[in-house]
1. Considering every residue within region 261-278, establish whether at least one is within 16 Å of the ligand (Cβ to nearest atom) and in the same structural domain as S459 (by TED's automatic domain parsing).
2. Across region 227-270, which residue is farthest from D180 (Cα to Cα) among those that are among the polar types (S, T, N, Q) and in contact (Cβ under 8 Å) with a residue 60 or more places away in the chain?
3. When the residues of region 168-183 are narrowed to those that are within 21 Å of the chain's Cα centre (by Cα) and without any contact (Cβ under 8 Å) to a residue 60 or more places away in the chain, which ends up least open to solvent (accessible area, probe 1.4 Å)?
4. Say we look at region 76-96 and pick out the residues that are surrounded by fewer than 23 Cβ atoms within 10 Å (Cβ to Cβ) and outside any helix (DSSP H, G or I); which of these is nearest to the ligand (Cβ to nearest atom)?
5. Looking only at region 1-57, which residues are β-branched (V, I, T), free of Cβ contacts under 8 Å to residues at least 60 places away in the same chain and part of a helix (DSSP H, G or I)?
6. Looking only at region 244-267, which residues are open to solvent by 10 Å² or more (accessible area, probe 1.4 Å) and assigned to a strand (DSSP E or B)?
7. Need pairs with beta-carbon distance below 8 Å; first residue part of a loop (DSSP other than H, G, I, E, B) and within region 472-494, second open to solvent by 40 Å² or more (accessible area, probe 1.4 Å) and basic (K, R); sequence gap 6+ or separate chains.
Amino acid sequence: MKTILSCQFKLECNRFLGLVTTREDFEKREFVFGEENVRAYFKEAKMELPAFFDVIDPLPDYEIRPLFALNAQPGPPVAKDVYDLAEGTMLQAIRDLKAQAQAEGKDPASVPSALLLALHGAMVAEEHEDAEGDFLESMRNAVDPDCPIFVTLDLHVNMTKKKAAQATALFPLEFYPHTDFYENALKAARCLIDTLEGRVVPAMAIHELPMLFPTLPTGHESFLPFREEIGALNQEPGILHARFTHGFFAADVREGFGTTLVITDNDLPRAQRLADDLAERIYAKRRSFYRDCFTPDEALREARRLLDSGVHPPIVLADVNDNPGSGSTQDNPELLRAMIDADLPAMFSTLFDPESVERAYETGLGNEVELDLGGKLRPDVTGGPVRAKARVLQYSGGNYRNEGTFLHGVLHRLGKAALVEVGNVKIILCSIRVQPADRAALHLFGLEPETCPVVAVKSAVHYRASYEPVAGRILEVSTKSLGPIDPRALHYEHAPKDAYPLQGLDL
Ligand SMILES: [Zn+2]
């Protein structure tokens, strides 16, 4: 029996937030240890670990042991104790396997047969700027030099030379919204088995561009030709994987923002040539990837005009900058204020405001209360709260599973939550920050965004997977935040200031 060790260890880090992401922050989202618990946790989810199980469990000669699954809401760097726990758990499992092999008179170098890991790639930890690079280096030092280390990664991986050097093969996602966690992980697991069986020899090359890539859907018209080309490249004979990864500029790291990656079957010169060629052509189009958004008031005027001209509801207003998925506070009320002023029938998903949730619970269902909505975490950035008289409509424990193709079946926790109404606007207030990308957040309260004239979501891109099928039109709205979609809006300490589009800016 060949043993493959596995884990999920993810966090997308935003270094502009201060503080650290603690064990408690992981416990609010995913902090699961032990094989049985991990398998039970992911039972309904179309994610990486279930894909690994689906490929490897049916094989009689192989077993996969998932040790843990860790993930938290995107936030500041990972606390040292959490990073050490993840690394230490993996290293201990490797040592245990080797000791067991020795006791059985086998060669300890032969175990584990491989590592198959689900990482994010834009993690910073307290003592590790390139957290996954250092994590992979630790794993590489603990296993036999020939032991394959296969890793799935987010599209927003900061693709460093160290990550590429320590892993055998890296499998970043292809799409944004990320609708391909499961399929991408199937591909990685199958390629690992092919490698272990000697059917392929992965040869991986990367090419990093001197460019901070903005938060851009892969279906955006400026990128669509490249998306199609990358899709076709993945179908070519001898190509095991090909991607363009975006990096995560708010991690404010030194390396790895926009990178091409090609893995061939045993042909490194071809992999490098293809990676170089694709990178150069993407760089030549760099100006086209940056786009303008509406201000909140402009967006409401445009929504009214569209509805008056017969565009079907809902008009979806995406607060693309105050996206908790980029580490933003999720409590900027600028768009909410504009919606209240516009007085169109509307829904707002969702505002992080534990204080107002408590006030709503004290007030009682059906009653009115004056609330200071949002604007509490970083009033220096968001401009502070909006005061409004609200009617309390519903309470909820706030758990739901995504219904659409993004994080399908994955549990989302809003914490203690309430639905309140200000004028014509129904607002979900929550106590845990989580990206409300899926319509399931509104369905939890019995709301039907499919027929509401205006629906606001705090999400940069992932909401498109759920809302594009029903939206009459989508308008991107810009508000102030520490997790914006445009790299020019932040003041970097570590990122290369000579990279596009930072050159010449007074940052
Ligand atoms: Zn991502």
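The values are calculated or read from the model by the stated rules, or taken from the named source; none is laboratory data. Keep in mind that what you see is a predicted model, and the values were worked out from it rather than measured. As a convention, Cβ positions derive from the backbone with ideal geometry for all residues, glycine included, and neighbour counts pool all protein chains shown. These area figures cover heavy atoms from the full protein model, side chains too; ligands, DNA and RNA do not enter into them. Shrake-Rupley method; radii C 1.70, N 1.55, O 1.52, S 1.80 Å.
1. From region 261-278, those within 16 Å of the ligand (Cβ to nearest atom) are 261; that's our starting set.
With in the same structural domain as S459 (by TED's automatic domain parsing) added as a condition, the list becomes none.
No.
2. Taking region 227-270 first, the residues among the polar types (S, T, N, Q) are 234-235, 245, 259-260, 264, 266.
Checking the rest, the ones that are also in contact (Cβ under 8 Å) with a residue 60 or more places away in the chain come to 234, 245, 259, 264, 266.
Details: N234: 14, T245: 14, T259: 19, T264: 21, N266: 26 Å.
My answer is N266.
3. Here is the first cut: in region 168-183, the ones within 21 Å of the chain's Cα centre (by Cα) are 169-183.
Going one step further and asking which of them are without any contact (Cβ under 8 Å) to a residue 60 or more places away in the chain, we end up with 175, 180.
Numbers: F175: 62, D180: 10 Å².
Selected residue: D180.
4. P76
5. In the first step, residues of region 1-57 are kept if they are β-branched (V, I, T); the result is 3-4, 20-22, 32, 38, 55-56.
If we keep only those that are free of Cβ contacts under 8 Å to residues at least 60 places away in the same chain as well, we get 32, 38.
Answer for region 1-57, where residues must be β-branched (V, I, T), free of Cβ contacts under 8 Å to residues at least 60 places away in the same chain and part of a helix (DSSP H, G or I): just V38.
6. Correct list: D265 only.
7. These pairs meet every condition: L482/R378; E493/R15; H494/R15; H494/R254.
A quick yes/no check of all residues on (1) open to solvent by less than 10 Å² (accessible area, probe 1.4 Å); (2) in contact with a Gly (Cβ under 8 Å, 6 or more places away or on another chain):
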residue: K426; (1), (2): no, no
residue: F445; (1), (2): yes, no
residue: E448; (1), (2): no, no
residue: R464; (1), (2): no, yes
residue: G472; (1), (2): no, no
